[in-house]
Amino acid sequence: MNNLFDAQMRHIAAALLLTASLAGLAGCHSHSHETPQTATAETHAHEEAEPTIAALTEAQIQTVGIELGQVAQKELTATIKANGQLSVPNNSKANATSLYGGVVKRLLVQMGDHVRKGQPVAEISNPQFLQLQEEYLTLDSRIALAQQETNRQQELNQGNAGALKNLQSATAELASLRTRRASLQQQISLMGIDPSSLRAGSLHASLWVNSPIRGVISNVFAKIGSYVDVSAPVAEIVDNSALHLDLQVFEKDLPQLRVGQIIHFTLTNNPVREYDAEVFSIGAAFENESKTIPVHARVKGDKTGLIDGMNITGIVSLSKAVTPAVPNEAIVEADGKFYVFIRTDKAPPEPAHEEAGHDHDHDEAPRAGNSGKPTLNFEKIEVVKGVSEMGYTAVTFVQDLPPNAQLVTKGAFFINAKLSNTGGHEH
């Protein structure tokens, strides 16, 4: 019985000793570590929502090259991609030629010059020019003599004093001279000389070769001292205002095309700028053995930088439906989602203050706007991507945008990186 009592007492003593030891350890732990409330606050600080507004100074914006624009309305759905070439129809091309052979005395244009219709491009000379003018001037006096002879023969014939044969000969000579004069008059006019202005002391030893159309000098064939005639043009002129597309469309896509459709196109070797054209003609036969059908479209708007013969890549719009679209550079990806940035008046959140008595051994990451310099604020907006064509991507905004919102069209990647650096702590 006594043994049983002693064993129970030993168990009680051991339990009391263990309790005292645990209490001591708990006391030490409370002095060397954070309280439960502090740990909870720290957890919440690290679980705060990611920031959505970044502030950049004017210097940062200029350095990175950030550009702003508007959300565009683009026809990016239901399209056909086709390759082709810029072309000017033959009735808008011309050669500046001379109807009369001569040696080039002066060249007044060079490639790339704009010329108007009738503008001189070269001066040529030939002694034969003087001979034609000389003959034209002498015909007046010969015609006057022939007219007098015809009148005299008519009077003689009326008085039965002259032979009818002489009258007929004089009449034929007069008619022949008048015909020759009319022919020379036309030839001299084609030379660019006014026949009525010709005088014995003002004959022209050279003549001008003029541009037959308005346009741009695309080639100069002649040079000083070379001989030119109707078979040897001086220069070529192209009127780029009549520029159009010659697209090659495959047979399977032909039923979806119609006159009036809009084509967005870029230059194949320089796809920086986008142009528009409107379909005006669809071919009815295959082009050679390529099994493609030619589709022709007029270039609309500004044609600066477009030249006959350039290769292009075009997108044929198959419907009139338009969709909001942004440049590809305006979209950034983060955590599997897509975003754009718009300029906003909202301010970025203030950095959290450390609790008193809890100093860190590291510095805070720099935050936009802390420098005191004027800043522009940009808000990250989530979007859903659609089809991408011609440098633009169709987007659906998860939230409504403010009216006339200014979109970051270039430099969005930098803003997103800035925002990511602002949002976290470094340990």
Just checking, which of Asp229, Asp246, Asp239 is under 30 Å from Gln131 (Cα atoms) and among the acidic types (Asp, Glu)? Asp229
Of these, Leu145, Leu174, which one is more than 57 Å from the chain's Cα centre (by Cα), modelled with pLDDT of 85 or more and buried (at least 17 other Cβ atoms within 10 Å of the Cβ)? Leu174
Would you confirm whether or not the stretch 191-200 contains a residue that is out of contact with any strand residue (DSSP E or B) (no Cβ under 6 Å at 6 or more places or on another chain), assigned to a loop (DSSP other than H, G, I, E, B), free of Cβ contacts under 8 Å to residues at least 60 places away in the same chain and under 30 Å from Ile237 (Cα atoms)? yes
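Go through the stretch 73-95 and give me each residue that's among the aliphatic types (A, V, I, L, M) and surrounded by 16 or more Cβ atoms within 10 Å (Cβ to Cβ).
Kept after step one, since they are among the aliphatic types (A, V, I, L, M), are these residues of the stretch 73-95: 76, 78, 80, 82, 86, 88, 94.
Hits for the stretch 73-95 are Leu76, Ile80, Ala82, Leu86, Val88, Ala94.
Do you know which residues across the stretch 289-312 are loosely packed, with under 15 Cβ neighbours inside 10 Å and more than 28 Å from Glu236 (Cα to Cα)?
First, the residues of the stretch 289-312 that are loosely packed, with under 15 Cβ neighbours inside 10 Å: 289-291, 300-305, 307, 309, 311.
Residues satisfying the conditions are Glu289, Ser290, Lys291.
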Members of the stretch 71-94 found to be in contact with a strand residue (DSSP E or B) (Cβ under 8 Å, 6 or more places away or on another chain), at pLDDT below 90 and of a type outside the set (Gly, Ala, Ser), listed by number: Gln73, Lys74, Glu75, Leu76, Thr77, Thr79, Ile80, Lys81, Asn83, Pro89
With the requirement that a residue be among the small types (Gly, Ala, Ser), buried (at least 18 other Cβ atoms within 10 Å of the Cβ) and farther than 14 Å from Val115 by Cα, what does the stretch 200-232 give you? Ala222
Quick one: is Glu382 at pLDDT 60 or above, more than 30 Å from Val295 (Cα to Cα) and surrounded by fewer than 19 Cβ atoms within 10 Å (Cβ to Cβ)? yes
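The rows are residues; the columns are (1) crowded, with 19+ Cβ neighbours inside 10 Å; (2) at pLDDT below 90; (3) over 27 Å from Tyr275 (Cβ atoms).
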position: Lys346; (1), (2), (3): no, yes, yes
position: Asp363; (1), (2), (3): no, yes, yes
position: Ser371; (1), (2), (3): no, yes, yes
position: Ser388; (1), (2), (3): no, yes, no
position: Gly391; (1), (2), (3): no, yes, no
position: Val395; (1), (2), (3): yes, yes, no
position: Asp400; (1), (2), (3): no, yes, yes
position: Thr409; (1), (2), (3): yes, no, no
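Would you check if Glu134 is in contact (Cβ under 8 Å) with a residue 40 or more places away in the chain and surrounded by 12 or more Cβ atoms within 10 Å (Cβ to Cβ)?
On the way: in contact (Cβ under 8 Å) with a residue 40 or more places away in the chain: yes; surrounded by 12 or more Cβ atoms within 10 Å (Cβ to Cβ): yes.
So Glu134 fits the description; yes.
Mind counting the residues in the stretch 201-226 that are outside any loop (DSSP other than H, G, I, E, B), within 25 Å of Gln131 (Cα to Cα) and β-branched (Val, Ile, Thr)? Reasoning before the result, please.
So in the stretch 201-226, the residues outside any loop (DSSP other than H, G, I, E, B) come out as 206-210, 215-220.
Filter once more, keeping what is within 25 Å of Gln131 (Cα to Cα): 206-210.
Remaining after also requiring β-branched (Val, Ile, Thr): 209.
Count: 1.
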When His114 is run through (1) within 58 Å of the chain's Cα centre (by Cα); (2) modelled with pLDDT under 90; (3) loosely packed, with under 15 Cβ neighbours inside 10 Å, the failure sits at (2)
Quick one: would you say Glu274 is without any contact (Cβ under 8 Å) to a residue 24 or more places away in the chain, among the charged types (D, E, K, R) and within 19 Å of Gln73 (Cβ to Cβ)? no
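What number of residues in the stretch 255-275 are touching a Gly at 6+ places or on another chain (Cβ under 9 Å), surrounded by 14 or more Cβ atoms within 10 Å (Cβ to Cβ) and hydrophobic (A, V, I, L, M, F, W, C)?
Pass one, the stretch 255-275, residues touching a Gly at 6+ places or on another chain (Cβ under 9 Å): 263-267, 270-275.
When the remaining residues are screened for being surrounded by 14 or more Cβ atoms within 10 Å (Cβ to Cβ), the result is 263-267, 274-275.
Applying the additional criterion that residues be hydrophobic (A, V, I, L, M, F, W, C) yields 263, 265, 267.
Going through the stretch 255-275 one residue at a time, the tally reaches 3.
The values are calculated or read from the model by the stated rules, or taken from the named source; none is laboratory data. In this text, all values refer to a predicted model and were calculated from it rather than measured experimentally. Heads up, the Cβs are rebuilt from the backbone with ideal geometry, glycines too, and the neighbour counts pull from every protein chain shown.
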